[in-house]
1. Starting from the Cα-Cα distance between residue 227 and residue 273, subtract it from 0.36 nm times their residue separation and give me the gain in nm to one decimal.
2. Roughly how big is the chain's charge dipole about its Cα centre, with Cβ charges of +1 (Lys, Arg) and -1 (Asp, Glu), in debye to the nearest 20?
3. Per-residue counts of other Cβ atoms within 10 Å, averaged by peptide: what ranking do you get for 163-175, 75-87, highest first?
4. When only Cα pairs under 8 Å and 6 or more residues apart are kept, what is the percent relative contact order across the chain?
5. Report the extension gain between residue 103 and residue 182 in nm, rounded to one decimal, defined as 0.36 nm multiplied by the number of residues separating them, less their alpha carbon distance.
6. Between 205, 304, 59, whose Cα lies farthest towards the positive end of the dipole of the chain when Lys and Arg beta carbons carry +1 and Asp and Glu beta carbons carry -1, centred on the Cα centre?
7. Please give the calculated 222 nm ellipticity per residue for the chain, where each DSSP H segment of at least 4 residues contributes -39500 (n - 2.57) and the sum is spread over every residue; nearest 500 deg cm²/dmol?
8. Classify region 244-293 as rounded, prolate or oblate, taking a ≥ b ≥ c as the square roots of the eigenvalues of its Cα gyration tensor: rounded when a/c is under 1.5, otherwise prolate if a/b is larger than b/c and oblate if not.
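What follows draws every value from the coordinates through simple rules; no lab data is involved. The shown structure was predicted, so the numbers you read here are calculated from the model rather than taken from an experiment. Note that we place each Cβ from the backbone using ideal geometry, even for glycine, and neighbour counts take in every protein chain shown.
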Amino acid sequence: MDMENVIIIWWWPAGHAAAIYTARAGLKPLLFEWFMAGWLPPGGQLTLTADVENFPGFPVSLTGLELMNQMRQQSIKFWVKIETKTIDRVDFSRTPFKLWSWETEYQAKSVIIATGASAKRLQIEWSNKFRERGISACATCDGGLPVFRDQVLVVVGGWDAACSEALFLSRFASKIIMLVRKDNLKATKIMQDKVVENSKIQILYNTEVIECLWDQSLSAVKIKNNQSWIEEILDCRWLFYAIWHTPNTDFVNDFLTIDADGYLITDGVKTNISGIFAAGDVQDKVYRQAITSAGTGAMAGIEVDKFLQGI
């Protein structure tokens, strides 16, 4: 069995930045781009973003999928070994570190975890049963379908992701109703301004979904104002939600220290185990941007090189 210098798990911006830095250091990294792990395609949450306008070096906006594909091509340019497999089990109790994809075992002197975070599910009745039949966490995946054109659509959430979903959907739908649990949007100012200025978007603050109504597929949602407790029914064709994220750490919880929300606790990018590093949204619940993710990926790549030189 070949011993890898470094294995990088998943390929968000953090993963590819780490891959490029370790490859340029001559470490011949092996990168696993997880296959449909955490309900996400290879490339992670960013591939579901319609427009990326704030990644330096791209004055013309591009889609998240386009950005991730360019990062992947850059990794390939530096001869990064890429496997489209999911690492589902690890043993970090001793070195060499062991990782498994199904029953295939891999060993490494160091590991970089860049598994990011997945969108949380909407915890209301039928939300899982009718996923993709009326409820979705991906407007860019589903919202552009002909069946949604000139329809009333609902978006749940008040952060950047929800604003991005609403703006994307406004290209096709007749009306977007944003349901925000708090009394204000939590998105960045530029995203708030875009949403408020969009004539197709209506924002209902202090509002939560309490029930979905069905006729083969979604036909309406029952909502409640959490200040007045008044309930009403909104007719709509589909409900999209972007209500926060859950870090993809389940497979390493037995070995690495996590916080109350499941994020890996790090000192910079170092975990509690020497030789195991973490980068991107799996350890960052504050900034959660593509550029900061890539930055921590570069940091992890540099730290791996220093670690391997030390041993």
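1. Residue separation times 0.36 nm, minus the Cα-Cα distance, leaves 11.9 nm.
2. About 360 debye.
3. Result, highest mean Cβ count within 10 Å first: 163-175, 75-87.
4. Reported relative contact order: 22 percent.
5. My answer for the length gained is 23.8 nm.
6. The listed residue farthest towards the positive side: 59.
7. That comes out to -7000 deg cm²/dmol.
8. oblate
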